[in-house]
Each structure stands twice: as C-alpha cells, then as structure tokens.
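The values are calculated or read from the model by the stated rules, or taken from the named source; none is laboratory data. What you see is a predicted model; the values in this text were computed from it and never measured. When we count neighbours, we look across all protein chains shown, and the Cβ atoms used for this are built from the backbone with ideal geometry, even at glycine.
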Amino acid sequence: MNRFVKAVYSGLVYCFLYLPLVTMGVYSFNASKYSLSWKGFTLKWYGKLLTNASLLDAAMHSLTIAVVSATVACAIGTLTAFLLHQYRFVGRKALFASIFVMMMSPDIVIGISLLVLFLAAGLTLGFGTLLMGHVTLCTPFVAATVYSRFRDFDASVVEAAKDLGASERQVLRYIVLPMAGPAVLAGWLLSFTMSLDDVIVSFFTTGPTYEVLPLRIYSMVRLGIKPDVNALSVLMILVTITAVVLSWRLIKEKT
Amino acid sequence: MKGSSITKYVIIGGVLCWIALFGAVPTLMLLGMSVLTPHPSDLIAPVFSLHSYARLFAPALVTMFVESLLMAGTATVLCLFVGYPFAYIVARMKKRHAKTMLLLVMIPFWTNTLIRTYALVTVLKADGILNSVLIYFGIIKTPLELMYTPIAVFIGLLYTLLPFMILPLYATIEKLDYRLLEASRDLGATRWITFRKITLPLTFPGIISGSMLVFLPALGMFYIPDVLGGARSMLLGNYIRDQFLVARDFPMGATVSIALTMMMCVMLFVYYRSVRRSGRKASL
C-alpha cells in the first residue's frame, strides 16, 4: 500500500467513526426543530435542556452510578487480582476460569441472570440493584487489568519486604498497591466508561425509580426524539472525552 | 504470622463469596429456571420440564437462531475487512503516531453506544446527512431507504463494534516480526503469498480474539436492531428480552440465554485451541 492509499483509507475509517457524532453536534445548534435543513444557529436546545429536569436527572444518575460502581469494582477487582497473584489455594484455577467466563459472558446473559437473582431475593429494582449489576459487569475487567500488571512485577521486592518483617497488610499497603496504582486507575476508567456505556445490564437491573440516561433515550427513540437530546448527548460526549483524555495523560506520565 | 493469615483468609473468603453470589448463583438459577414450567401468575411453577429445550428446535426458533448467527457473523466479517487494513496501517506507523491514531479510534468508543446509535440515525435517515450529500453531488436522485433495513443494522453493528476488532488486531500485528516479511519477499514470494503464508497465520490469534469480541456482543445487542432495524426481524437478544418482559415466559428466556452461553463456551474453547496451536506453530 502506498502512502496515499493508506492516508485515504484511514481517513475514511475516521470519517465513518466521527460523522455521526459531528452531525449530532451540528444539529444540536440547529434552529429547526425537525433537524433536517439548517435554519440558523441557536442555543435554545441547550437552554431547553436546563429546564428538562427528568432528562438531567437521568444524566446525573448515569454519572453517579458510573463513579460509584467504578470505585467499588476497583476495590473488589484489585483484591481479586492480589489474591490470584499472591496466594496459592484450592479453587484458584476455578476462580481464574470464572473471572474469564464472566468477562466473556454476553451482557444480556449477565443482565438476565442478575434480574432473576434480584427477583428471587425480593429486592426492589433501583439504585442498589443497578449498582450491583454494574459492579458485576466491571469487576472482572479490573481484576484482569490489575492482575496482568502484578505479573510484570519483580516478585523479589515482595519477598524482600517479607524477609524484612513486613506483614501481609504492610506488603499490600506499602508495596503492592502503589505499584499497582496505574493499573488500578486504568481499571477505574475502564469501569467508568463501561458503566456509562452499558445499556443492556442497566435495562434489566434498574427500576422506574432510578432511570439512567441511555434507557431514557431508548424509550424516547420510539416516540420521536427532541433536539434537546442532541444537546445532552453532546454534553455527555464532552464529559467522557475530557475524563478519558485527562486520565490517559495521567497514566502515560505515571508509567 | 497469625495476623497475616487472617488477612489472607478474609480476602480469599470475600472474593470467593463475591464470585459465588454474582457469578455462580445467578447462572445456576438461570440453569434451574430453564428446566421449570412457566406459570401465568407466579411466573414459574416448580415443575420439572424440558419443554423449553424442546421448543428450541421449533422451526421459528431455529430460523431465529440462524438469522442471529448470520447477522452477527456478517457483522464480524465486515469488522474484520474494515479493521484489518486499518490496524495494519496503524501498526506500521511510528509508535508515537500509532498511539494517537488508536486514541482517536477509542474516543467514539467511549461514548455511550446507544447515544452513538441514535447519532447514526441522523446520518442514515431519508433526509439525513448521507442522502443529502449523495444527492448534492448528483450520485443518486432519490434518497436511499436505509433506515429500518438490515443494512442499517449492519452499519450500526460495524460502527459500534469496530474498535473491538481493531485493538486486538493492532496488538498482534504490532508484534509481528517484519524481518519475516522481508525474508519472504527476498525469497521471491509475491505480496499476496507473503500475506497469506506469513502475515495471516502469525496474526491469526488477533483475528480470532477480535472476532470473538465482535461476534458475542453482536448476538446480544437488542437495541441496535430495535433502533435501526425497526421491529421486523426478531433476533436472539430481542427474543430473550421479550420472553422476560413481554411474554413473561421465564423458563423459555432462561433456556435461550443458556443456549447463548453454550455457544460462547464453544467459541472460547475453539479460541483456546487455536491460540495454543498457532503458538506452537510460531515457536517452530
């Protein structure tokens, strides 16, 4: 392939990936309600968005659940990775296998099986069940990310610490966690975006009391969407991009 | 030492409990539910029955399975054909540029999939941007009817899943020893033969893992056919959802979910085998 063909090809791929987002961004400033032809620049959809409390609520719910579930998933995932790396115990291989299977399981099966669990336990679907759903979705990915970082460690550092009399807890706190830091951060970000991105698990595990943005949009698509959704989507895209680019820099500097 | 072993058992116990509660128990419940009988008011009756499994072989369901597999398979092949050249181009760049190129691929992927699917509607609809551009340049006279067709669903799946294909492909192509390609060329192989005999086998693990990452989600993403394809085609994902939320036939929904999981396990097994085999080949 010569340079020209390469440039054109990658240009087309980027065009395909970005065209819908750019179009939506442009339409969010279009004065025409039916977003077909350009009727002039306006900020009124952004203004309207500020008065659409239920839509803003859904967006806030999405962000809240993403932050909380990423944090919880990080805690459990890091512990799991630590466990797999540090200890030999009966069932270690089985634990490995279950994490791998959970990671590869289709979202719809995770969503359905959790729904069955929650119904059987008599839980009311809402924030709590949604949180458990997202944590279940994200934790295996955190565990895998952090575990692969642990494997690249120099094991002798931990041994040296133990020889010098450090307890398990001290090893965990002063050696393992700082070394795993960047991977844990990467896992947090992965979880955060996975949680924001998720439609399917949320669909089955949340209830009417706790509506998240994707589900709100999903129910609106059938009724015909209004332009303020464009505006909100643009804002959400900006939030994710900012978070991701910032943290990408952070990870790059640390590693 | 006593304190540390307590820490150890607390950690092991906690993690195992977590996996059991949210991994094993729900799966077992699903499995259990699939062999029970649906009940009009209590949802399920505790009566053993393989009725749901028998229903899997009803012509309508077999058609649905075949259509879903074909749809996911086509999406996978599309992603592979679009993604492979792209991953190859990026992998041969300077590392610094490659990182930026990949970041640019990842950014849309970090945006909520449903929001992106909805964004795709603004491009594809009859008076959307694509038709406007094509008509403006005189390529077509009347707008193409893309929305609510299988083509729209394929575009949606390609759009959503392409990064899942590009990233593993990039990872394997990047590791490729380019001296092998040069040697092959020096020994007189054509570009095509070099690609087929060297590049393709060596990047096979990437192709397999990329395909799995595309194929499995494609089977379950009920909202993409819903938003872009209209209600015409019933696919696995939509069917499972409807069994639980509309038809209220929990055993049947559970059975189809189990079938989907089984397909995943078979694919994981094939993947495991193929990576092992190609690993042996590469080491020879």
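Observations on the structure shown:
- The set of residues in region B:216-258 that are farther than 20 Å from A:Leu215 by Cβ, assigned to a helix (DSSP H, G or I) and more than 10 Å from chain A (Cβ to nearest Cβ) comprises B:Pro251, B:Met252, B:Thr255.
Let's see how each residue does on (1) facing another protein chain (nearest Cβ under 7 Å); (2) on the phi < 0 side of the Ramachandran plot; (3) of a type in the set (A, V, I, L, M, F, W, C):
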residue: A:Val5; (1), (2), (3): no, yes, yes
residue: A:Ser10; (1), (2), (3): yes, yes, no
residue: A:Gly47; (1), (2), (3): no, yes, no
residue: A:Leu50; (1), (2), (3): no, yes, yes
residue: A:Leu55; (1), (2), (3): no, yes, yes
residue: A:Ser69; (1), (2), (3): no, yes, no
residue: A:Leu79; (1), (2), (3): yes, yes, yes
residue: A:His85; (1), (2), (3): no, yes, no
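- Residues located in region A:1-16, provided they are of a type outside the set (Phe, Trp, Tyr) and surrounded by fewer than 19 Cβ atoms within 10 Å (Cβ to Cβ): A:Met1, A:Asn2, A:Arg3, A:Val5, A:Lys6, A:Ala7, A:Val8, A:Ser10, A:Gly11, A:Leu12, A:Cys15
- Screening B:Thr190 with (1) modelled with pLDDT under 85; (2) surrounded by fewer than 24 Cβ atoms within 10 Å (Cβ to Cβ); (3) in contact with a helix residue (DSSP H, G or I) (Cβ under 7 Å, 6 or more places away or on another chain) gives one miss only, at (3).
- Against the test of being touching a helix residue (DSSP H, G or I) at 6+ places or on another chain (Cβ under 9 Å), surrounded by 20 or more Cβ atoms within 10 Å (Cβ to Cβ) and within 9 Å of another protein chain (Cβ to nearest Cβ), the options B:Pro38, B:Pro26, B:Pro85 yield a single qualifying residue, B:Pro26.
- Residue check, B:Thr100 within 30 Å of B:Arg179 (Cβ to Cβ) and within 11 Å of chain A (Cβ to nearest Cβ): yes
- Within region A:152-184, the set of residues being assigned to a loop (DSSP other than H, G, I, E, B), surrounded by 13 or more Cβ atoms within 10 Å (Cβ to Cβ) and either away from chain B (no Cβ under 11 Å) or not hydroxyl-bearing (Ser, Thr, Tyr) (or both) comprises A:Phe153, A:Ala166.
- Residue tally, condition within 12 Å of B:Ile11 (Cβ to Cβ) and among the aliphatic types (A, V, I, L, M), over region A:72-94: 6
- Considering residues of region B:127-160 that are assigned to a loop (DSSP other than H, G, I, E, B) and either among the aromatic types (Phe, Trp, Tyr) or within 11 Å of chain A (Cβ to nearest Cβ) (or both) only, the residue farthest from A:Met24 (Cα to Cα): B:Phe137
- Residue match in region B:188-201 (condition: touching a Phe, Trp or Tyr at 6+ places or on another chain (Cβ under 7 Å) and within 14 Å of another protein chain (Cβ to nearest Cβ)): no
- Flag: A:Val68 matches the condition of being β-branched (Val, Ile, Thr), part of a helix (DSSP H, G or I), over 22 Å from A:Ser148 (Cβ atoms) and out of contact with any Lys or Arg (no Cβ under 8 Å at 6 or more places or on another chain).
- Condition check for A:Leu131: under 25 Å from B:Ala20 (Cα atoms) and within 17 Å of the chain's Cα centre (by Cα): yes
- Scanning region B:111-155 for residues that are of a type in the set (A, V, I, L, M) and free of Cβ contacts under 8 Å to residues at least 12 places away in the same chain yields B:Ile115, B:Ala119, B:Val123, B:Ile129, B:Val133, B:Leu134, B:Ile135, B:Ile139, B:Ile140, B:Ile151.
- Considering region B:171-187, and only residues there that are of a type in the set (A, V, I, L, M, F, W, C) and surrounded by 13 or more Cβ atoms within 10 Å (Cβ to Cβ), the residue that is nearest to the chain's Cα centre (by Cα) turns out to be B:Ala171.
- Which numbered condition B:Thr160 fails, given (1) of a type in the set (Ser, Thr, Tyr); (2) touching a Lys or Arg at 6+ places or on another chain (Cβ under 7 Å); (3) more than 19 Å from B:Gly220 (Cβ to Cβ): (3)
- So A:Gly91, is it at pLDDT below 85, within 26 Å of B:Val270 (Cα to Cα) and not hydrophobic (A, V, I, L, M, F, W, C): yes
- Restricting attention to region A:26-47, the residues that are surrounded by 16 or more Cβ atoms within 10 Å (Cβ to Cβ) and closer than 30 Å to A:Thr209 by Cα total 3.
- Residue, modelled with the highest pLDDT, within region B:229-249, restricted to residues that are in contact with a Pro (Cβ under 8 Å, 6 or more places away or on another chain) and buried (at least 24 other Cβ atoms within 10 Å of the Cβ): B:Gly237
- Tally of residues being among the aliphatic types (A, V, I, L, M), at pLDDT 80 or above and either surrounded by fewer than 19 Cβ atoms within 10 Å (Cβ to Cβ) or in contact with a Pro (Cβ under 8 Å, 6 or more places away or on another chain) (or both) across region B:108-128: 5
- Selection within region B:1-23 - surrounded by fewer than 18 Cβ atoms within 10 Å (Cβ to Cβ) and of a type outside the set (A, V, I, L, M): B:Lys2, B:Gly3, B:Ser4, B:Ser5, B:Thr7, B:Lys8, B:Tyr9, B:Gly13, B:Gly14, B:Cys17, B:Trp18
- Number of the exception - A:Met103 against (1) within 13 Å of another protein chain (Cβ to nearest Cβ); (2) within 17 Å of A:Val135 (Cα to Cα); (3) surrounded by 15 or more Cβ atoms within 10 Å (Cβ to Cβ): (3)
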